[in-house]
1. In the neighborhood of Gly178, defined by Cβ-to-Cβ distances under 13 Å, what is the net charge if each Lys or Arg adds +1 and each Asp or Glu adds -1?
2. Just list whichever of Lys129/Lys223; Lys26/Lys129; Lys48/Lys314; Lys49/Lys314; Lys146/Lys314; Lys26/Lys146 have alpha carbons separated by over 22 Å in the model shown.
3. For every other residue with a beta carbon closer than 12 angstrom to the beta carbon of Leu303, add +1 if it is Lys or Arg and -1 if Asp or Glu, then tell me the sum.
4. Please report, in Å, the Rg and the Dmax of the stretch 307-351, where both are computed over Cα atoms only.
5. If you filter the stretch 291-384 for chymotrypsin sites (Phe, Trp or Tyr not before Pro), then keep DSSP loop positions with at most 10 other Cβ within 10 Å, what is left?
6. Give me the distance in nm between label points sitting 7 Å out from Cα along the Cα-to-Cβ direction at Phe360 and Trp87, one decimal.
7. Which of the trypsin sites (Lys or Arg not before Pro) found in the stretch 135-188 are loop residues per DSSP with 14 or fewer other Cβ atoms within 10 Å of their Cβ?
8. Run down the aspartates and glutamates and flag those whose C-alpha is under 20 Å from the C-alpha of Lys246, throwing out any fewer than 8 positions away in its chain.
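Where a number appears in this text, it was derived from the coordinates with a stated rule and is not lab data. What you are looking at is a predicted structure, and each value in this text was computed from that prediction instead of being measured. Note: ideal-geometry Cβ built from the backbone for every residue, glycine included; neighbour counts use all protein chains shown.
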Amino acid sequence: MKDQMPDRAVAGPKSSLSEVAWLFFKLGCIAFGGPAAHIAMMEDEVVKKRRWMSHDHFLDLVGATNLIPGPNSTEMTMHCGHERAGWPGLVVAGVCFIFPAVVITSVFAWAYQQYGQLPDVAAFIYGIKPAVIAIIISAVIALGKKALKSVELAILGAATAVACLAGVNEIAALFGCGLAGVLLYLIRHRKTTLNSVVPLAVMQLAALTPQLTNGRVFWSFLKVGALLYGSGYVLFAFLDAELVSKGLLSRQQLIDAIAVGQFTPGPVLSTATFVGWQLHGAWGALAATVGIFLPSFLFTALLNPLIPKMRRSKLMGAFLDAVNVAAVAVIVAVCVEMAQATLTDWRTVLIAILSLLVTFVFKKLNSAFLVLGGAVLGYLLLLV
């Protein structure tokens, strides 16, 4: 039976806003594993447990978010916050999700600047990664059931997953699948007259002038945040070109910044906080953090009102359906790549299998316990 639930929140503004703040602060503290895992955790919290929106609407948001620059999971928190508590919810959700990662990264950045090295947390990350794969698989199954509305969409999704695994750019694959969906619609409805098509707008931030004390740092990260598409790992290529090649940051510092992004929860773009601290201390960290995340708030605020209009347009609805199945396919491709890199011995395979069993047996269990359990199990198994 199809979900019957409102897309908007029903509680009062104050209670909704506090609920949004607490949920995304909690997720910001325990969201390990990258955007695919973060979105899986959000789907579990806002669709399955709290029923803030339907699976279909959540998929629309995931698909649309993949079409704009910026960190996908962070932008999804903003969409979810808006669904529950309006425009204040959009801002509060984004800030609360980012805040824990920024604070934790700032502590590491300070310690690194003082002592020149990072703590050894490899044993815990060793166990977290296979547990995260189980979380992603659980979300793929739930989202895939809603996205695969026809045989044609299933074929498009499979083709997108294969293309991504073959090395095709994720954004190109998403747009290609969306256009294929539009072509299929036009072939089926050759005689239909379409009266409303809502195009996606992309904001141009080149005219903005940095006003913060560390204007150069702010401006560098603002440009990155406004142009960053795809995986957070693309960020490191930008930073290499923007800072390392210009002698503002050493390559070792960049490598250590990547490491911090891997073993801290929340968005990997909090790496900017670490880099900013190395450049100009606490104020540099603030400038870099605001600069890299500001475009995401602006892009999401621009896109959110357009999604319902896109869905009402039959042509754009076909585009969204295809993009949604492509988004699930991209998550599948990410999961396969993570599995290839992570499941390298019997310990990681065991953690992944146990995590999958827990996911399917205890369906209401909070994903935070899987992350914590994976970390502890990974540490203990390495002692064997």
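1. Net of charged neighbours comes to -3.
2. Those over the limit are Lys129/Lys223; Lys48/Lys314; Lys49/Lys314; Lys26/Lys146.
3. Working: positive: Lys309; negative: Asp60, Glu75.
Charge balance near Leu303 sits at -1.
4. 17.2, 50
5. On the way: sites: Phe293, Phe297, Phe299, Phe319, Trp346, Phe360, Phe362, Phe369, Tyr379; in loops: Phe362.
Here no chymotrypsin sites (Phe, Trp or Tyr not before Pro) fit, given the DSSP loop and packing criteria.
6. It works out to 4.7 nm between the two label points.
7. Those satisfying the criteria are Lys149.
8. Asp256
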